[in-house]
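J.: After the structure tokens below, expect a handful of questions from me.
The values are calculated or read from the model by the stated rules, or taken from the named source; none is laboratory data. Since the model is a prediction, treat every value here as computed from it, not as a measurement. Here the Cβ positions follow ideal geometry from the backbone for every residue, glycine too, while neighbour counts run over all protein chains shown. For the accessible areas, the whole protein counts, side chains as well, though only heavy atoms, and no ligand, DNA or RNA atoms are used. Shrake-Rupley method; radii C 1.70, N 1.55, O 1.52, S 1.80 Å.
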Amino acid sequence: MTNEEFDRIKEAEKQRLRMKKRLRALKKTSERQQTTSSLVRKMKRTGASLLRDTQSLVDSLSAEIAKSQARLEVAVDEDAATRSTDDVGEDDIAAYEREQAEAEREARARDLVRQFKESVQPTRTSNTDPSPGESDAPTGDETSSSKKPAQDDSDDDLPDKTIGRMRET
């Protein structure tokens with residue numbers, strides 16, 4: 001084999017390897033394009049399916065709204081017909097509601113005053129309600145005498161606290 005034949009074979013092999021490399025690159029590109037196009041087709045199908053589902057939901061919702069509006073219109077018409085025959089007006093209803101609200105407020109106020117009086121003087125000496133003119137507030141002598149025994153008793157009941165043992169006093 002001569003150098004010329006060797007160079008010619010070598011060049012032919014290089015050509016073949018270059019061509020093989022280009023074919024591999026083309027194959028990879030083609031596979032990527034196929035994968036991409038199949039994903040796009042799948043996305044289109046999914047999108048079309050979601051669009052159909054959404055449209056059917058919108059249609060059913062529209063039908064339901066139309067039915068509800070028809071019911072509402074019938075109810076309003078019936079209500080208007082009954083209102084025209086009623087002799088109770090809106091002003092009478094509003095006045096009644098105001099009176100009820102005022103009565104509820106007064107009841108709550110009375111209840112709060114009663115609770116306040118009980119919290120100020122929790123123990124009563126008599127079971128009868130005081131007359132409106134009497135004062136429910138304790139006098140200075142009553143408050144000082146009622147607090148002192150409670151404080152003295154609590155001091156006697158509690159032992160001195162220590163970390164370890166109890167101190168003997």
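J.: How large is the accessible surface of SER49 in square angstrom, using a 1.4 angstrom probe and rounding to the nearest 10?
T.: 40 Å²
J.: Now for a different question. Before I look further, what does region 1-119 give for accessible area per residue, probe 1.4 Å, in whole square angstrom?
T.: So region 1-119 comes to 94 Å² accessible per residue, rounded to a whole number.
J.: Could you tell me the accessible area of GLU13 in Å² (1.4 Å probe, neighbours in place), rounded to the nearest ten?
T.: 80 Å²
J.: Another question, if that's okay. How high is the FRET efficiency between LEU23 and SER68 when r is their beta carbon distance and R₀ equals 41 Å, given to the nearest 0.05?
T.: Once rounded, the FRET efficiency stands at 0.05.
J.: Which value in nm describes the separation of the simple spin-label points at THR54 and ASP77, placed 7 Å from the Cα toward the beta carbon?
T.: 3.7 nm
J.: Counting only protein heavy atoms and using a 1.4 Å probe, what share of the accessible area of region 1-125 belongs to carbon plus sulfur, as a whole percent?
T.: So the carbon and sulfur contribution to the accessible surface is 57 percent.
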